[in-house]
Amino acid sequence: MPQPTSELAAATTPIPVTSDPASEPVADDRHGDDGDGQGRGRKERRVRRLAGAGLLLLAALPALFGLVALLRDRDAPSPIGDYAVFALVVDAIGRHEVLLGPFSRFGWFHPGPMAAYLMAAPYRLLDGAPEALLVGAIVIGGISCVAAVGLVLRRAGLLAATSAVLVLCLTLRVLGVDFLTEAWNPYLPVLPLLAGVLLCWTAIRGDAWGLPLAVIPMSLALQSHVGFLAPVGGVGAVLALGLVVRAVRHRRGRSGRSATAPDGRPVGRPVRWIVATLAAVALAVLLWLPPIIQQLTRDPGNMTEILEYLRQGSTERSMSFTDALRAIGDEFGRLPAYVVGADVPAREYLPLLVPPAAIAVGLGSFLVALAVGARRRNEDVLWLGGLTVAVAAAGVAAIARLDGPPYSYITRWTVLVGILAWTTVALSLLPEVVAGLRRALGGSQRAARPVAVLATALAAVTTAVVLVTAVDTARAKLPGPDVTVLAQAVVGDLERLGLRTPADAPVVRVDFTTTTRDELMGTYMPGTGVVLQLAREDVDVQVSPFWVLPFGERYTDRAEDAGYIVTVAYSDGTSPPPEPWQRVLGVAGEFQVYGGIPPTG
């Protein structure tokens, strides 16, 4: 039977990441032990490492391009809405107590503040500039992409990792080229969660270090939005099952029946797993310390309120189980639909209604990949497929339980179903394509060139998609009103009135007025941006106690002491006019601000 050439093996050989010579892939030994054969083996390993480094650079390229553009142009709009409230929380890190995550419309807060703590570094380095949160988000997203591709590269080799880069970039294009800069709590943890799932995968497959590292992105996801409980729980269940299987195999090995996994790799020493487990527990306690402190020092604690909400169940369920299945089916078909240019309706509600043919292609390819993996007893494929199924099942459960309108942003993490599914397809079927070429050409030397052509073509397509995505990310312009002008107008009026000196500085209350427009929250969105900018100017700013949930007591408990009141209004006459003691201070686009000293008594 013909033996594979070293060029052929290089395409699917995992990249070693350790300096232990025993872990290096075995070079082609058809040349015996002569110096020429050994030199060729070393050269091939160097080539694989260089190719692997190139793939990691490709994975980072969209984030790098976007980061350079943000730091070069410095023209990002000031945050408004939830982004502005998040910026206020980030600004409070190191100055005030921050124990919880973003607020929820259901009257409690998401579990923890880990995202705010991570964002504090770029926020401080950029002195709270409007692009600070965008920079933090793009750094987190870029690191997550590199980590995800690196894990696939380690376990499955160059071809599979190249496919992973391609799948990631196509998905970013489907989501929108500004997705990497999203600091919003339903979006920010999506790419870190992908890295977390793959860390769990590599832990199941024998890398004990993956266990404590997985705690970091999993904690970020769950602390940022309680909706991530479903995928984190599903992946955690598969991880626990995988570790139990490893423990059983180790016990069998000690009894003399089997000391290796079905793929021939050793099951592993228990000591390092004990150390890894203890490290994971210690890291989890450290990362969850703020919400633990809040739970123990408040009555009722935030965790208690979340658990009570989950126990009561949805009161306004809007999605049936069938609708939820269709919504997850859409994730299998998103990439095929995008690649062929199929018309997918622009919808903000689930399901997205991807064409059924695209769903059939995606789901069918995934099932074939699992079947081939089972036939080949390829546990890398089977466990990654199992994690994909777990995330998909979690998506069905989460979507079927949605409380209120089924906005697609709430479960944006379900996009991971498609990424994981197509990565599983690459892991399972690309080696079959390589083997099929070798068999069809009837000889290893004849097969080497077609396989090289396949690898080169895949690399070329991937590079092209990455470059286009990177350029589009750098060119992305973020929409939003320039509320900085409004805040500066307020500061200017305070200076005119002599109210900026510490001895005379009043409490400044910002009111969000109503409008005859079809706007549920009036001028809340631009108003939050004005509050943020005034706080950055060291103005003692407050808002109405009605907004205590998003802003917290620090920005609402002295609202009645206001010595100067700002009103954010629409400039087209759809908002109430200024009070007699107020005047229009500034206009920016469709918004304006009134300001003045209210009468006493």
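The values are calculated or read from the model by the stated rules, or taken from the named source; none is laboratory data. These numbers come from a predicted model, not from an experiment. Glycine gets a Cβ as well: all are built from the backbone with ideal geometry, and neighbour counts include every protein chain shown.
A few remarks follow.
- Matching entry among Thr556, Thr567 (being in contact (Cβ under 8 Å) with a residue 40 or more places away in the chain and among the hydroxyl-bearing types (Ser, Thr, Tyr)): Thr567
- Taking (1) within 20 Å of Gly81 (Cβ to Cβ); (2) of a type in the set (S, T, N, Q); (3) touching a Ser or Thr at 6+ places or on another chain (Cβ under 8 Å) in turn, Gln582 satisfies each apart from (1).
- Filtering Val139, Val135, Val174, Val165 for residues that are part of a helix (DSSP H, G or I), surrounded by fewer than 24 Cβ atoms within 10 Å (Cβ to Cβ) and either in the same structural domain as Arg536 (by TED's automatic domain parsing) or in contact with a Leu (Cβ under 6 Å, 6 or more places away or on another chain) (or both) leaves a single hit, Val135.
- Scanning region 175-206 for residues that are modelled with pLDDT under 95 and within 30 Å of Val271 (Cβ to Cβ) yields a single hit, Gly206.
- Residues of region 390-447 that are modelled with pLDDT of 95 or more and charged (D, E, K, R): Arg412 alone.
- Breaking point among (1) in contact with a strand residue (DSSP E or B) (Cβ under 6 Å, 6 or more places away or on another chain); (2) at pLDDT below 95, for Asn302: (2)
- Annotation note: of Pro405, Pro351, the sole residue that is closer than 20 Å to Glu331 by Cβ, assigned by TED's automatic domain parsing to the domain that holds Val340 and touching a residue at least 60 places away in the same chain (Cβ under 8 Å) is Pro405.
- Within region 251-298, being in a loop (DSSP other than H, G, I, E, B), at pLDDT below 80 and either touching a helix residue (DSSP H, G or I) at 6+ places or on another chain (Cβ under 7 Å) or of a type in the set (Val, Ile, Thr) (or both) holds for Ser258, Ala259, Ala261, Pro262, Asp263, Val267, Gly268.
- Single residue of region 315-360 satisfying the filter (assigned to a helix (DSSP H, G or I) and basic (Lys, Arg)) that is surrounded by the fewest Cβ atoms within 10 Å (Cβ to Cβ): Arg326
- The listed residue being farther than 19 Å from Ser78 by Cβ and of a type outside the set (Lys, Arg), out of Ala148, Ala183: Ala148
- Residue check for Leu172: modelled with pLDDT of 95 or more and under 30 Å from Val344 (Cβ atoms): yes
- Summed over region 401-425, the residues that are closer than 14 Å to Leu229 by Cα and assigned to a helix (DSSP H, G or I) give a count of 5.
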